[in-house]
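Inspection log for the structure reproduced underneath, given as structure tokens.
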Amino acid sequence: MALAEHRNDDPVAELKDEMVAGYHILAREGLGLGLLGHLTARAPGGDSFWTYRLGQSFEEVEADDLREADFDMNILAGDGAINPTLKIHALAYQARPDIMCIAHHHGIDSVAMGAIGATLETVDRNAAKFDGELDIIEDYDRAHQIAEQGDAILAKLGGGRALILKHHGVLVTGRSVRDTVVATIMLERCFAVQLKAMAASPTLYRMAEAEIADAKGFLNSDLYIDGTWDYLKRATARARGL
């Protein structure tokens, strides 16, 4: 049986392949390097999630490194530890059935936005994707406070798409791995645009509401997400010499 046929018959293997591609794409963008990031995905069936082994960097992750955990953080598949702060992801999956994938990273522009206590303004078409769906929260990254922190993050996230964690980074959710990865890259670039605009002028000009709605619809479409994902996979394969 050909590999593609096998993958189509095995949703777990297909998900793991997509997650590995997502790790490598984010790494190529300079995100999730060292120990500074997470990417998790809800498992088929909905009551567990997949992630990678504690101590790896995104560019190092392969399918054999992925581990399945339930929402109580018990390892169901594979061995070795996963990051205990992923309890926040587990809580998000439980609270929001629409969330299928979550990314977290400490990108330079995400951290810079949090450092000045700013959230994203809809001043360019890409930012329209997150209009009304991004907020900011004071963050503290301590293992013994995960439950309290998780409740606060979920309350602030609400039904939205992403959250800036002050002095820390950003959390991005999505309806699939590819949706989340594309959104994560786009959001980091939106932050870079806004920071540059803020350095040039004290005044930012919001786009027209009709234009925001039009851009948001297109940027959230399967046409845009799948096309961007396919390009990112090709570019990452070339960069990795594949």
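The values are calculated or read from the model by the stated rules, or taken from the named source; none is laboratory data. Quantities reported herein were computed from a predicted structural model and do not represent experimental measurements. Cβ: placed from backbone, ideal geometry, glycine included. Neighbour counts: every protein chain shown. Surface areas here come from the heavy atoms of the whole protein model, side chains and all, with no ligands, DNA or RNA. Shrake-Rupley method; radii C 1.70, N 1.55, O 1.52, S 1.80 Å.
Below, the figures for the structure above:
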{"quantity": "For peptides 171-181, 223-233, 52-62, 193-203, sequence by mean Cβ density within 10 Å, most packed first", "calculated": "171-181, 52-62, 223-233, 193-203"}
{"quantity": "R0 of 30 Å, Cβ-Cβ distance Ile75-Asp151: FRET efficiency to nearest 0.05", "calculated": "0.80"}
{"quantity": "Nearest-10 value in Å² for the accessible area of Thr119, using the 1.4 Å probe", "calculated": "40"}
{"quantity": "Greater than 21 Å apart at Cα, pairs in Lys87/Lys233; Lys166/Lys233; Lys16/Lys216; Lys16/Lys156; Lys16/Lys233; Lys156/Lys233", "calculated": "Lys87/Lys233; Lys166/Lys233; Lys16/Lys216; Lys16/Lys156; Lys156/Lys233"}
{"quantity": "Rounded accessible area per residue of segment 1-117, 1.4 Å, Å²", "calculated": "43"}
{"quantity": "Values of log10 I(q)/I(0), in the order q = 0.26 Å⁻¹, for segment 193-242 under a Debye, Cα-only, solvent-free model", "calculated": "-0.89"}
{"quantity": "Distance (nanometres) between label positions extended 7 Å along Cα→Cβ at Ala192 and Asp124", "calculated": "0.9"}
{"quantity": "Local electrostatic count at Asp214 - Lys and Arg +1, Asp and Glu -1, tallied over other residues with Cβ under 13 Å", "calculated": "0"}
{"quantity": "C-alpha long axis of helix 222-239 to longest principal axis of the chain, angle in °", "calculated": "70"}
{"quantity": "Normalised contact order of the chain, rounded percent, pairs of Cα under 8 Å and 6 or more residues apart", "calculated": "20"}
{"quantity": "Nitroxide proxy distance, nm - points 7 Å out along Cα→Cβ at Thr203 and Ile108", "calculated": "3.0"}
{"quantity": "Rounded percent of accessible protein surface that carbon and sulfur make up, the chain, 1.4 Å probe", "calculated": "53"}
{"quantity": "Using alpha-carbon coordinates, inclination of helix 177-200 to the longest axis of the chain, degrees", "calculated": "30"}
{"quantity": "Within the chain, percent of DSSP bridges classed antiparallel, to nearest 5", "calculated": "80"}
{"quantity": "Local net charge near Ser57, Cβ-Cβ under 15 Å (Lys/Arg +1, Asp/Glu -1)", "calculated": "-2"}
{"quantity": "Average accessible area per residue (Å²) across segment 132-228 - probe 1.4 Å, nucleic acids and ligands excluded", "calculated": "48"}
{"quantity": "Degrees between helix 146-157 axis and first principal axis of the chain (Cα, 0 to 90, nearest 10)", "calculated": "50"}
{"quantity": "Separation of alpha-carbon centers, segment 10-76 and segment 183-209, rounded to whole Å", "calculated": "30"}
{"quantity": "Most to least packed among 235-242, 156-163 [average Cβ atoms within 10 Å]", "calculated": "156-163, 235-242"}
{"quantity": "Local electrostatic count, Met113, Cβ distance below 14 Å [Lys/Arg +1, Asp/Glu -1]", "calculated": "-3"}
